[in-house]
Amino acid sequence: MSSVALPAVDREPADRSRRRVRQADINTDLRGRWWRFLVILVVTIVVLVPIAAVVWLSLQPGLGSSATGITLENFGLVFTQTNVLGWLTNSLTVTLVTVLVAVVVAAPAGYVLSRGRNRLVSSYSLVLFMVQSLPSVISIIPLFILFAGLGLADNLVGVTIVYVGATMSVAIWMMAAYYDSIPIALEEAAWMDGASVFGGFARIVLRNSLPGILSTAIFCFLLAWNDYLIALVFLRSDQNFTLPVGLESFFQQNATNWGLVMAVAVVMMLPPIIVFSVLNRYFSVGGIGGSLAGR
């Protein structure tokens, strides 16, 4: 029985072609990454340059100072000779109370919005959206007139109530959006084990919602901390000023002394930076993805 020798197939050209295609894909991917990196770098520089300028000016000697070079003299002056500590205390008090109340109310309200599937809940959701879409400036004057009649004008309690109302709708929406990412099958398993609806919410949903709660808390913190318009309308006394209004009044009095003004601006920037730096470690993504493995 004769055997016919088959010609050897030359695979080398095909392998070379595949390697060239693979190398071209890698080069294209690298170029895309470099472009994205450059865009992010430019945006970061644009954002950080004003902040760096504020910090740099705050460390420069002020008018009439005998110091030279980088100095902390401006910070010593604003803390000892101005009411910055009082403004800082007012802002922290109003902001922390706003965050606490907003998160405590938004957590269960967002759960109802996420799990409820009826006309009443849908109407409530629509009302929240409409309230949030309205510009806040249209409600400030009516609120001021109402609060003045109640003795809450030029009062931190009144400002806190307004902040809670301003942040509540978005806080509820944020919590509802995060609850939507938690599989309802986890709650059903808890219900089958004898847990109540509230027990499933407290033990399953809330325990897996820490990133959502922190995101909501940070949003409420920034909204209350950075507000200027509401505080400007409601507050009249220097001892009741929050930092944004206090900074504006301080700038009017010291418009030529940039070192002191920038020192107050740095004081205002520090709390949000500290809050985010501390809470950033608790953010996590995909913590629930493996919860349903094998189910």
* Asked: Filter region 76-104 for residues that are farther than 20 Å from Val245 by Cβ and within 18 Å of the chain's Cα centre (by Cα); which is surrounded by the most Cβ atoms within 10 Å (Cβ to Cβ)?
  -> Ala102
* Asked: Looking at region 259-276, is at least one residue in a helix (DSSP H, G or I), touching an Asp or Glu at 6+ places or on another chain (Cβ under 9 Å) and of a type outside the set (A, V, I, L, M, F, W, C)?
  -> yes
* Structure fact -> Note on Ser114: of the conditions (1) at pLDDT 85 or above; (2) touching a Phe, Trp or Tyr at 6+ places or on another chain (Cβ under 9 Å), unmet is (1)
* To do: Would you check which residues across region 127-146 are surrounded by 14 or more Cβ atoms within 10 Å (Cβ to Cβ) and farther than 14 Å from Leu232 by Cβ and list them?
  => Leu128, Val131, Gln132, Ser139
* When you look at Ala171, is it part of a helix (DSSP H, G or I), among the aliphatic types (A, V, I, L, M), surrounded by 15 or more Cβ atoms within 10 Å (Cβ to Cβ) and in contact with a Ser or Thr (Cβ under 7 Å, 6 or more places away or on another chain), yes or no? -> yes
* Could you please let me know if Thr242 is out of contact with any Lys or Arg (no Cβ under 7 Å at 6 or more places or on another chain), of a type outside the set (Lys, Arg) and modelled with pLDDT of 90 or more? => yes
* Does region 218-258 hold any residues that are within 29 Å of Gly165 (Cα to Cα) and outside any helix (DSSP H, G or I), and which are they? -> Asp227, Tyr228, Leu235, Arg236, Ser237, Phe241, Thr242
* To do: Return the residue satisfying two criteria in turn: it lies in region 202-241 and is buried (at least 19 other Cβ atoms within 10 Å of the Cβ) and hydroxyl-bearing (Ser, Thr, Tyr), and of such residues it is farthest from Ala185 (Cα to Cα).
  => Thr216
* Structure fact -> Here the residues within region 188-217 that are of a type outside the set (Gly, Ala, Ser), without any contact (Cβ under 8 Å) to a residue 24 or more places away in the chain and part of a helix (DSSP H, G or I) are Glu188, Trp191, Met192, Val197, Phe198, Arg203, Ile204, Arg207
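The values are calculated or read from the model by the stated rules, or taken from the named source; none is laboratory data. Computed from a predicted structure; not experimentally measured. Glycine gets a Cβ as well: all are built from the backbone with ideal geometry, and neighbour counts include every protein chain shown.
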